[in-house]
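Beneath this line is the structure, given in structure tokens, with notes to follow.
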Amino acid sequence: MRGFLGSRLAQILPTLFLVSIIVFGLQQLMPGDPALVIAGDSAGDPQIVAQIRGELMLNRPIPVQYLHWLDNLLHGNLGYSWRLQEPVSELVAQKLPVTAQLSLMAFVFAVIIGVPMGILSAVKRNTAWDWLANSIGLFGLSIPTFWLGIVMILVVSVWLGWLPPSGYVPLAQNWVRSLATTVMPAFVLGNAIAAILMRHTRSAMLVALGQDYVRTARAKGLSEWVVVLRHALRNALIPVVTLGGLQLGTLLSGAVLTEQVFSVPGFGKLVVDAVFNRDYPVIQGVVLVTALLYVVLNLVTDLLYFLINPRMRAG
Amino acid sequence: MSSAALAPSLPPSPPPSLPPGLHVPESPTRVALRRFLTHRSAMLGLALCLLFVAIAVAAPLISPVSPIATDWSAIRQPPSWAHWMGTDEIGRDELARVIFGARASLLAGVVSVVIAAAIGVPAGLAAGFARGRTDAILSRIVDAMLAIPFLVLAIALAAFLGPNLRNAMIAIGVTTAPIFMRVARGATMDVMTHDYIEAARAVGNPSWRIAVRHVMPNIFPPILVQGTLSIATSIIAEASLSFLGLGEQPPTPAWGSMLNAAQQFLTQAPWLAIFPGAAIFLTVLGFNLVGDGLRDALDPRGL
Amino acid sequence: MRRTLFAAAAAACLLLGAAPRPASAQTLRIGLREDPDILDPTLGGSYVGRIVFAGMCDKLFDYDTKLDIVPQLATSYEYKDPTHLILHLRPDVSFQDGEKFDAEAVKYTLTRDLTMKGSLRKGQIGAISAIDVIDPLTVELVLKSPDSPLLAQLAGRPGIMIAPGAAEKEGPKFGLHPVCAGPFSFVSRVAEQEITLQRFPGYWNAKAIHFDRVVYEPIVNSAVRLANLQAGTLDLVEYIVPTDVPAVKKDPKLKLAMSDSLGYEGITFNTNHGPMAKSPIGESADLRRAFELAIDRKALIQVVYDGLFTAIAQANPPISQFYVPSVQPRPRDIAAAKKLVAASGFKPPISVTMIVPNSPDLLQAAQVIQAMVQPAGFDLKIQAMEFASSLATAEGGDFQAYLIAWSGRADADGNTYSFLHSGFGFNYGAFSDPAINTLLEQARLTTDIAARRDIYAKMWIEERKEMPIIYLWALSNIVGMKRQLMGFEQVPDGIIRLQGMYMAN
């Protein structure tokens, strides 16, 4: 166990190092000149553009720029946003809670929808219920999130006027409005995860329902629902929870498009806007933090999986 | 992206060369095929896929008019007998554009998966087969790529290569490759624990021969399943890139870019958003159904 | 008792000089089309940033609705001679942190614009060689050479006065907590979410301000921006896209304010910038003129913008004092276009690749143009790019044609010099014509508007011979707001001034 944990922890740093190199390399390869973007409507003056290039070290060799960034990073400095002159760490601290709230709400949606449907379809296997739950699951998996977002804005906000079409209010400021602004994007985001959770719950339940202890419980004359909820579900939920952890990591990246559609000022919107504005320090910082979160969540998931499933210990 | 979870739980189908003592009336491939062909929802999915493939191939024959013929006197008209799906923002027939748009989506779905598999499967096979340092290095690269938000990676790649359909497919293919690598690696590792690999080794087969003759055929089923499901996600990814303006170039229609244009007419012309969106949905649904059916058919445990 | 109170209130109303004035404990929420960049007037380069500055910062001069330059923090100016400009400053003005506004503050601000690292203002007021404080309320600007656009610059971002103490203390981070002398002071900003300002009680023109707070919210998607206005979560949207105008008109809770704007859209050709200029359309002025003749601007505007923009053939829009009425777009004439194509010596179909920033309306326009020029013998290929890529591609000369907009300036120089004079940044195609260069330089030397307009008239005749840029349409400012929102004065620069605005009961 300790060896497993140690080796996994030792993998985090090289992974993050690779992430930073990939991101740094990619953004250098992207066409577009950050100096032109920063100069905005003053880009008509070539001297100004040249001067900005010099100040941002854009005229230095890429490895030099990378080492400079790495050096700052090792001193705990993620740098400044070129567009806003704000420290990247502050932007991250500002935006991460937004996406975290969105992801958690999405996850709650996914669990509320996915797990009961998975149970239902396993218990009522090969009936209309199973078919219905499967259809809903497939629906969730097949619908493009941005389209669902657009349609929901159209129907819920524009036609019905029930929810604000965009924006974000922090939870601490006004929790009612905060929920009102996040419920639609969270639903859209959680939708696909719900489908995945549903499928895994279903298969885990099917396995559990075939186990001896369930048969024993049935033989004891316990009612079907007690058997399902007490015995089968408890065992089936373990892999589901682990999978859930893994999906939480993908939620972070799934938020990118959802936030764009709903104008939610979170992590995803920050990074996409940074890509389009060529705000390199922000891209680097955000991707690095996202990757760190992803890796940590994966590690936790793997640990849980490892604990539950001893077969994996050999591998 | 359920694939990461999918890999360890998928056992390989029995090897094609069964030990002599066991008598099986039907080959496993035929069993799987029969299961698949009697799988009702898979058949529905297959029908959907074939329908859209047919639409894409026969687009010029079935489309009522050209998808790029503009009529400025008839912009953003609601569905009517003359234009079943209405007309778009510069007066083109929306139905014709949805029909021709199938080409970009299907092409993107299939080609990106082929690219992803071409990169990912050999890498996964190598990692799972060689283990040790090769595995460690490849796995770190895959971890790093999966840790970067998919769309950020794809946007950056597409922007770097220049926005057009071919480059969008490359971008999606490269960013999807890690998933195939993981599936192939997991399946390979699983296969390697089986006795027949030991047996093949004992007989003195060289490694490459074991990899090609014994491992490859047995990791094929999970890769086929993953491939079908990835076509579905790739179609959505292409639509997302087109939606952000990084896919097919105008005036060639693509469902994602049609949605992008439709976004600003959401209230005045909602049908412009509804039809291409529904087309994406149905196509992706088709591939998901087929993927599910394949998995059911190839995996006796019925996950 | 009640009556006296009422009378007193009425008297107070009269005293303030307006009829129905609500208690002003109110917040005004404004929707912006994008997130502004840094809120430092020396470093900022975005159009929407100027809208936020208008709420926070006063300038030396401002524009009125007719685009005449009017006093703001300067009360008047005089040219002692063409290279000596005297500014008389408004007395009893203080910055939002209490610091006094005076000649030293003007000197500090302009010096900062001219010398600060990363300043985007250097070129705009580069004509200034010295800033002399005559007395606390008088400044003399010494110019290297006569520079007629300078006054206009002082009514733009370079004219924004900032508190020297705060600026000195914050250095390059001043934009995170800007301190100016405008009606509202900066409270907070959450990037891409909102910028909050609150009423500055010590504002010199405090009686014109009727809100306690102003919140600016960037919402990029136009449909979502409109939905917020309709839902009442925004009070004003600074830009409604033309195709949304009918929806606003139909809504009984909303109203519109429309005016011509200073911005325009045009196609820049690569005539001289690197190997990509060696294309038929880059080499032949005949072909460029044929291309123009094949475009029906009116129909184009009708299709894409519901007819709300104005067809033009010059950079200065009809609303500008520098507009030359004799320079008009010619009606579409395919026969004449074909003749020009034949005369050019190139064999049709002439392949032209046009870079288009990937906003939906521009892609739409590009596709209409594509269909329009086809019968004249052009095979137009559209290359959509996200904006940052398109800028860099154009700047590198890696293009044949580029569909690009300019937000526009009140002074004609800001719409022409850097676009058509050889060697300047917005002249992406490196177009170079000695006659045009000379005329553009001449126009800078005189301050007389009529004389300058005559020079520009000559310049446009030259421009239309070579046609390095096809000017297509002048944009419109389309502001949507709640019906109860009163007192909005629309200046063609599109900047939202908060003075005089109030919410009726």
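The values are calculated or read from the model by the stated rules, or taken from the named source; none is laboratory data. Fair warning: this is a prediction, and the values are worked out from it, not measured in the lab. Cβ sites come from the backbone with ideal geometry, for glycine too, and all protein chains shown count toward neighbours.
For segment C:193-229, the set of residues classified as surrounded by fewer than 20 Cβ atoms within 10 Å (Cβ to Cβ), of a type in the set (S, T, N, Q) and either in contact with an Asp or Glu (Cβ under 7 Å, 6 or more places away or on another chain) or in a strand (DSSP E or B) (or both) consists of C:Thr196, C:Gln198, listed by residue number. Residues of segment C:80-117 that are within 14 Å of chain A (Cβ to nearest Cβ) and crowded, with 20+ Cβ neighbours inside 10 Å: C:Asp113 alone.
If you go through segment C:158-217 and pick out every residue that is of a type in the set (S, T, N, Q) and within 14 Å of chain A (Cβ to nearest Cβ), you end up with 3. Just one residue in the set C:Ala388, C:Ala401, C:Ala410, C:Ala376 is in contact with a Lys or Arg (Cβ under 7 Å, 6 or more places away or on another chain), on the phi < 0 side of the Ramachandran plot and more than 12 Å from every other protein chain (Cβ to nearest Cβ); that residue is C:Ala376. Filtered by the rule that a residue be more than 14 Å from chain C (Cβ to nearest Cβ) and crowded, with 22+ Cβ neighbours inside 10 Å, segment B:241-278 gives B:Trp255, B:Phe275, B:Gly277. Filter segment B:146-157 down to the residues that are under 19 Å from A:Leu293 (Cβ atoms) and more than 7 Å from chain A (Cβ to nearest Cβ) and list them by number. Hits for segment B:146-157 are B:Leu146, B:Leu153. Being more than 30 Å from B:Ala74 (Cβ to Cβ), hydrophobic (A, V, I, L, M, F, W, C) and in a helix (DSSP H, G or I) is a description that does not apply to B:Val98.
One line per residue, one yes/no per condition, for (1) at pLDDT below 85; (2) buried (at least 23 other Cβ atoms within 10 Å of the Cβ):
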{"residue": "A:Met105", "(1), (2)": "no, no"}
{"residue": "A:Ser121", "(1), (2)": "no, yes"}
{"residue": "A:Leu132", "(1), (2)": "no, no"}
{"residue": "A:Ile150", "(1), (2)": "yes, yes"}
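Checked against (1) within 26 Å of C:Tyr63 (Cβ to Cβ); (2) crowded, with 20+ Cβ neighbours inside 10 Å, C:Lys122 passes all but condition (2). Restricting attention to segment A:189-222, the residues that are touching a helix residue (DSSP H, G or I) at 6+ places or on another chain (Cβ under 6 Å), within 12 Å of another protein chain (Cβ to nearest Cβ) and surrounded by fewer than 20 Cβ atoms within 10 Å (Cβ to Cβ) total 1. For segment C:351-360, the count of residues that are more than 14 Å from chain B (Cβ to nearest Cβ) and either at pLDDT 90 or above or in contact with a helix residue (DSSP H, G or I) (Cβ under 6 Å, 6 or more places away or on another chain) (or both) is at least one.
Annotation note: of C:Gly44, C:Gly49, the sole residue that is buried (at least 21 other Cβ atoms within 10 Å of the Cβ), in a helix (DSSP H, G or I), of a type outside the set (Lys, Arg) and on the phi < 0 side of the Ramachandran plot is C:Gly49.
Would you check if B:Pro206 is without any contact (Cβ under 8 Å) to a residue 12 or more places away in the chain, surrounded by 19 or more Cβ atoms within 10 Å (Cβ to Cβ) and over 20 Å from the mean Cα position of the chain (by Cα)? No: the conditions fail for B:Pro206. Look at (1) part of a helix (DSSP H, G or I); (2) under 19 Å from C:Glu265 (Cβ atoms) and you find that C:Ile404 fails only one, number (1). Condition check: within 25 Å of C:Gly44 (Cα to Cα), part of a loop (DSSP other than H, G, I, E, B) and among the aliphatic types (A, V, I, L, M). Does C:Leu87 satisfy that? Criteria not met by C:Leu87. Mind telling me which of the residues C:Asp81, C:Asp64, C:Asp132, C:Asp113 ends up being charged (D, E, K, R), at negative phi and in contact with a helix residue (DSSP H, G or I) (Cβ under 6 Å, 6 or more places away or on another chain)? Every option except C:Asp113 fails the conditions.
For first residues located in segment C:54-66 and more than 19 Å from C:Gly175 (Cα to Cα), partners that are of a type in the set (Val, Ile, Thr) and assigned to a loop (DSSP other than H, G, I, E, B) and lie 6+ apart or on another chain with Cβ distances below 7 Å form the pairs C:Tyr63/C:Val491; C:Asp64/C:Val491; C:Thr65/C:Val491.
Of the residues making up segment B:196-233, just one is part of a loop (DSSP other than H, G, I, E, B) and of a type in the set (A, V, I, L, M, F, W, C), namely B:Val203. Inside segment B:175-204, residues that are acidic (Asp, Glu) and either touching a strand residue (DSSP E or B) at 6+ places or on another chain (Cβ under 7 Å) or within 14 Å of chain A (Cβ to nearest Cβ) (or both) make up a count of 1.
Just to be sure, is C:Ser344 over 21 Å from C:Lys298 (Cβ atoms) and out of contact with any helix residue (DSSP H, G or I) (no Cβ under 9 Å at 6 or more places or on another chain)? Taking the combined requirement at face value, the residue does not satisfy it. Filtering segment C:420-436 to residues that are surrounded by fewer than 24 Cβ atoms within 10 Å (Cβ to Cβ), out of contact with any Asp or Glu (no Cβ under 6 Å at 6 or more places or on another chain) and not in a loop (DSSP other than H, G, I, E, B) leaves only C:Pro434.
In the set (1) surrounded by 24 or more Cβ atoms within 10 Å (Cβ to Cβ); (2) within 22 Å of the chain's Cα centre (by Cα); (3) within 14 Å of chain B (Cβ to nearest Cβ), A:Tyr168 fails one condition alone, (3).
Which residues, taken from segment B:158-174, are part of a helix (DSSP H, G or I) and more than 7 Å from chain A (Cβ to nearest Cβ)?
B:Ala158, B:Leu161, B:Leu165, B:Arg166, B:Asn167, B:Ala168, B:Met169, B:Ile170, B:Ala171, B:Ile172, B:Gly173, B:Val174
Do the conditions hold for C:Gly266, that is, is it within 30 Å of C:Gly480 (Cα to Cα) and either modelled with pLDDT of 95 or more or in contact with a His (Cβ under 6 Å, 6 or more places away or on another chain) (or both)? Yes: the conditions hold for C:Gly266. Can you say whether C:Gln153 is within 14 Å of chain A (Cβ to nearest Cβ), assigned to a loop (DSSP other than H, G, I, E, B), surrounded by 23 or more Cβ atoms within 10 Å (Cβ to Cβ) and modelled with pLDDT under 95, as far as the supplied structure shows? No: the conditions fail for C:Gln153. For A:Val300, all conditions in the list (1) of a type in the set (Val, Ile, Thr); (2) at pLDDT 85 or above; (3) in a helix (DSSP H, G or I) hold save one; what is the number of the exception? Unmet for A:Val300, out of (1) of a type in the set (Val, Ile, Thr); (2) at pLDDT 85 or above; (3) in a helix (DSSP H, G or I): (2).
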